[in-house]
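Notes follow the structure.
The values are calculated or read from the model by the stated rules, or taken from the named source; none is laboratory data. Bear in mind that the values here come from a model prediction, so they are computed numbers and not experimental data. Using ideal geometry, Cβ is built from the backbone for each residue, glycine included, and neighbour counts are taken over all protein chains shown. Protein only, heavy atoms only, side chains kept; ligands, DNA and RNA dropped before computing areas. Shrake-Rupley method; radii C 1.70, N 1.55, O 1.52, S 1.80 Å.
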Amino acid sequence: MKLVLVEWLDAVTDDAGWKKIEDVAKTRPPVCKSVGWILKDTKTHITIAATIHGADCDGDVTIPRGMIRKVTELGPK
């Protein structure tokens, strides 16, 4: 398995009541960074997990390709 850093754009919402349309129009998706072991890598998405133990994992996230800005393989230099 490869260890990677994935930089990706997330969806955002602020459903805390009434807001000005002009203020909402200024909203930009936040840039997120996740580190994990690649469990699945397809044309449509990538799935990583932060922790692996035997046949189990934790801290998993599946990110659609359209949201991914960059994938950097991590390892010894």
Identify, by number, the condition in (1) of a type in the set (A, V, I, L, M, F, W, C); (2) surrounded by 10 or more Cβ atoms within 10 Å (Cβ to Cβ); (3) part of a loop (DSSP other than H, G, I, E, B) that residue 18 doesn't meet.
(2)
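Does the stretch 45-64 contain at least one residue that is assigned to a loop (DSSP other than H, G, I, E, B), touching a Lys or Arg at 6+ places or on another chain (Cβ under 9 Å) and not polar (S, T, N, Q)? Give the steps one after another, and end with the answer.
So in the stretch 45-64, the residues assigned to a loop (DSSP other than H, G, I, E, B) come out as 54-55.
Then keep just the ones that are touching a Lys or Arg at 6+ places or on another chain (Cβ under 9 Å); that gives none.
No, the stretch 45-64 contains no residue that is assigned to a loop (DSSP other than H, G, I, E, B), touching a Lys or Arg at 6+ places or on another chain (Cβ under 9 Å) and not polar (S, T, N, Q).
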In the stretch 23-77, which residue that is more than 12 Å from the chain's Cα centre (by Cα) and in contact (Cβ under 8 Å) with a residue 40 or more places away in the chain is nearest to residue 12 (Cα to Cα)?
72
Which one of the conditions (1) at pLDDT 95 or above; (2) touching a strand residue (DSSP E or B) at 6+ places or on another chain (Cβ under 7 Å); (3) open to solvent by 70 Å² or more (accessible area, probe 1.4 Å) does residue 1 fail to meet, given that it meets all the rest?
(1)
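Being of a type in the set (S, T, N, Q) and open to solvent by 90 Å² or more (accessible area, probe 1.4 Å) narrows it down to one of 72, 44, so name that one.
Of the residues listed, the single one that is of a type in the set (S, T, N, Q) and open to solvent by 90 Å² or more (accessible area, probe 1.4 Å) is 44.
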Which one of the conditions (1) in a loop (DSSP other than H, G, I, E, B); (2) surrounded by 14 or more Cβ atoms within 10 Å (Cβ to Cβ) does residue 13 fail to meet, given that it meets all the rest?
(2)
